[in-house]
Amino acid sequence: MMEETVTIRNPSGLHARPAALLVQEANRHPCEIRIRKGDKEVDAKSILGVMSLAVCKDETVTLRAEGAGEQEALRALLALIAGGLGEA
Amino acid sequence: MATHWVVVVAPLSGRTLELADVPDPVFAQKMVGDGLAVDPCSDVLVAPVSGALTNLPKTGHAAGITTDDGLEVLVHVGMDTVELKGEGFTPLAHPGDRVLAGQPLIRIDLERLRQRARSLVTPVVVTNPARVERMEIVAGEKVAAGRDALFRILVRDGAGDG
């Protein structure tokens, strides 16, 4: 199991478009991936789940991957978030 | 294995468009999900399916419902409307509510949004394609909110789906 905490810099947070890109990348990996904000954790492979976290700009989330390719999955997701999730 | 159809009704009245004609690449390329869009002319957004209101952001520009079968349906009012920070949208329900298809969810100030939003085209999409066995568009050129079906989904059994 691997975990990383990251700050979301998108001006409108994790709304539909960035959430879709994040989930699309999560779905490329076979391992289980969860995303947590505060005490709420959801499946990072569900767009509605990710949107329901209502992550705003400058809030932090924790990504947790477990299973085959977990390291690769986390690395890919962190790179995508660092790149602005299509909004850079 | 139990398979059955879920009917997704129009959340707003208006003219229908294929997703490919939505003026945003993420929706047009079906990256959010497959479905149909409505160019709205009514001002109360209703639930397209019955289920749990998983998502209704404070900005009021979108609504997501998870049906009892685990199908996730997202309605996104207009393009880049998240940037309006709630202007023109009045939520009429709360995240976590159980809602019935046709129930009012968001009041929309159409005139204000026509001036402020880049587009009012509203995609209605299923965001978890793993659950979709088959999708059939049933809507004609125009639909009435809460009355006319947009499309129907043959739901795939969810065993093993997280």
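Within the range B:22-54, restricting attention to residues that are free of Cβ contacts under 8 Å to residues at least 24 places away in the same chain and either part of a helix (DSSP H, G or I) or within 8 Å of chain A (Cβ to nearest Cβ) (or both), which residue is farthest from A:V55 (Cα to Cα)? That would be B:A28. Taking the condition surrounded by fewer than 22 Cβ atoms within 10 Å (Cβ to Cβ) and farther than 26 Å from B:P25 by Cα, does B:D157 pass? Considered against the rule, which asks whether it is surrounded by fewer than 22 Cβ atoms within 10 Å (Cβ to Cβ) and farther than 26 Å from B:P25 by Cα, B:D157 comes out as yes. In the range A:18-40, the residue that is surrounded by the most Cβ atoms within 10 Å (Cβ to Cβ) out of those that are without any contact (Cβ under 8 Å) to a residue 12 or more places away in the chain and of a type outside the set (S, T, N, Q) is A:G38.
When B:L150 is tested against (1) surrounded by 15 or more Cβ atoms within 10 Å (Cβ to Cβ); (2) under 20 Å from B:A47 (Cβ atoms); (3) within 14 Å of chain A (Cβ to nearest Cβ), exactly one condition is not met: (3). Of the strands (runs of 3 or more DSSP E) lying entirely inside the range B:55-162, the ones with 1 or more residues being among the aliphatic types (A, V, I, L, M) are found at B:62-66, B:72-76, B:104-108, B:122-126, B:132-137, B:149-155. Residue-level check: of (1) within 18 Å of B:A130 (Cα to Cα); (2) touching a helix residue (DSSP H, G or I) at 6+ places or on another chain (Cβ under 6 Å); (3) modelled with pLDDT under 95, B:V26 misses just (1).
Only a single criterion out of (1) among the charged types (D, E, K, R); (2) more than 22 Å from B:D24 (Cβ to Cβ); (3) at the interface with another protein chain (Cβ under 9 Å from one of its Cβ atoms) is not satisfied by A:E41, namely (3). Checking each residue in the range A:23-58 for being under 16 Å from B:L74 (Cα atoms) and in a helix (DSSP H, G or I) picks out A:V23, A:Q24, A:I47, A:L48, A:G49, A:V50, A:M51, A:S52. Filtering the range B:55-75 down to residues that are buried (at least 22 other Cβ atoms within 10 Å of the Cβ) and of a type in the set (G, A, S), which residue is farthest from the other protein chains (Cβ to nearest Cβ)? Among those that are buried (at least 22 other Cβ atoms within 10 Å of the Cβ) and of a type in the set (G, A, S), it is B:G60. When A:M2 is tested against (1) touching a Leu at 6+ places or on another chain (Cβ under 7 Å); (2) within 13 Å of chain B (Cβ to nearest Cβ), exactly one condition is not met: (2). Residue count for the range A:41-71 satisfying the condition of being free of Cβ contacts under 8 Å to residues at least 60 places away in the same chain, surrounded by 14 or more Cβ atoms within 10 Å (Cβ to Cβ), touching a strand residue (DSSP E or B) at 6+ places or on another chain (Cβ under 9 Å) and not hydrophobic (A, V, I, L, M, F, W, C): 8.
Going through (1) under 19 Å from B:F27 (Cα atoms); (2) within 8 Å of another protein chain (Cβ to nearest Cβ); (3) not acidic (D, E) one by one, B:G78 falls short only on (2).
The values are calculated or read from the model by the stated rules, or taken from the named source; none is laboratory data. Since the model is a prediction, treat every value here as computed from it, not as a measurement. FYI the Cβ positions are ideal-geometry reconstructions off the backbone, even for glycines, and counts take in every protein chain you see.
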